[in-house]
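S.K.: Sharing a structure, written as structure tokens. Questions coming.
Read-outs: derived from the displayed coordinates by stated rules, not from any lab. Since we're looking at a predicted model, the values are computed, not measured. Ideal geometry is used to build each Cβ from the backbone, glycine not excepted, and the neighbour counts take in all protein chains shown.
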Amino acid sequence: MNFSEQPEDLRPEELQQEAVQPSPGSALYPGDTGTLPEDARRVLVQLLAGPSLDGERHGKLWPALLRHEAMIRSRLAEIFLDLVLDRDQQVAFVRRADTGELEAPILLRHTTLTFLESVLMLYLRQLLTEADAQAQRAVVSEAEMVEQMKLYEHSQSTDRAGFEKRIKAAINKVKENSIISQIRGTDDRYEISPTLKLLFSAEVIAALTRQYAAYRDNGSKEGD
């Protein structure tokens with residue numbers, strides 16, 4: 001017997017080829033070789049498009065995420081990403097996986113916050129904490145956000161127009177990243193996304209708030 005040859009049904013290359021074949025009926029379009037069901041694929045797309053997925057804004061995707069969580073985590077891990085999920089708050093997003101000493105490619109974009117944007121994020125995070133303590137929705141108005149950032153305007157600043165422009169840009173940034181979403185039927189009232197609770201822990205918020213308060217009390221110039 002020639003032991004260098006294996007039976008036809010046991011050849012490794014054929015077994016490997018069979019392993020990657022999609023399951024019957026899983027193809028969604030001609031040439032589709034994916035194996036995930038359609039709702040799981042849509043969840044992956046939303047997570048990768050970002051900035052988050054939540055039960056209120058994505059009523060159909062949230063239950064799909066919970067149903068296919070293990071498969072979605074596996075697919076994300078293949079591209080060095082980790083799923084952050086809070087079932088109580090019904091929010092989820094992806095971040096770079098902690099790969100230790102392994103140098104992994106970077107897929108996700110990173111956004112650098114300006115001083116005013118950081119101030120606004122801290123303020124919104126504090127409002128979220130206060131609302132949670134009272135079992136209420138975290139809501140903020142545009143006027144309240146503006147007033148909060150104005151506390152950090154340098155007392156000797158003469159560029160009032162420039163400062164107001166930066167305030168507007170900071171508010172637009174949190175809107176674009178779905179940190180706040182406009183409440184229907186209102187012109188300037190917004191609900192704060194619980195995603196902020198996952199992005200910033202209470203300890204980090206407390207430390208940063210102390211530092212920024214010191215800057216404000218010392219009359220520090222915006223941007224320093």
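S.K.: Mind giving me the FRET efficiency for Val84 and Glu164? R0 is 35 Å, r the Cβ-Cβ distance, nearest 0.05 is fine.
M.R.: The pair Val84/Glu164 has a calculated efficiency of 0.50.
S.K.: Whole-Hz Karplus ³J(HN,Hα) for the stretch 68-77, in order, using 6.51 cos²θ - 1.76 cosθ + 1.60 and θ = phi - 60°, x for Gly and Pro?
M.R.: 10, 3, 4, 5, 5, 4, 5, 5, 5, 4
S.K.: Oh, and also: Karplus couplings for the stretch 119-132 from phi (6.51 cos²θ - 1.76 cosθ + 1.60, θ = phi - 60°), rounded to Hz, Gly and Pro as x?
M.R.: After applying 6.51 cos²θ - 1.76 cosθ + 1.60, I find 4, 5, 4, 5, 4, 5, 5, 5, 4, 5, 5, 5, 5, 4 Hz.
S.K.: Any chance you could run the full-extension gain for Ala104 through Gln182? It's 0.36 nm times the residue separation minus the Cα-Cα distance, nm to one decimal.
M.R.: Full extension from Ala104 to Gln182 adds 24.3 nm.
S.K.: For the stretch 33-44, just list the computed ³J(HN,Hα) in residue order, Karplus coefficients 6.51, -1.76 and 1.60, θ = phi - 60°, integers in Hz, with x standing in for Gly and Pro.
M.R.: 10, x, 10, 7, x, 4, 5, 5, 5, 5, 5, 4
S.K.: Multiply the residue gap between Ala97 and Ala77 by 0.36 nm, knock off their C-alpha separation, and tell me the result in nm, one decimal place.
M.R.: My answer for the length gained is 6.5 nm.
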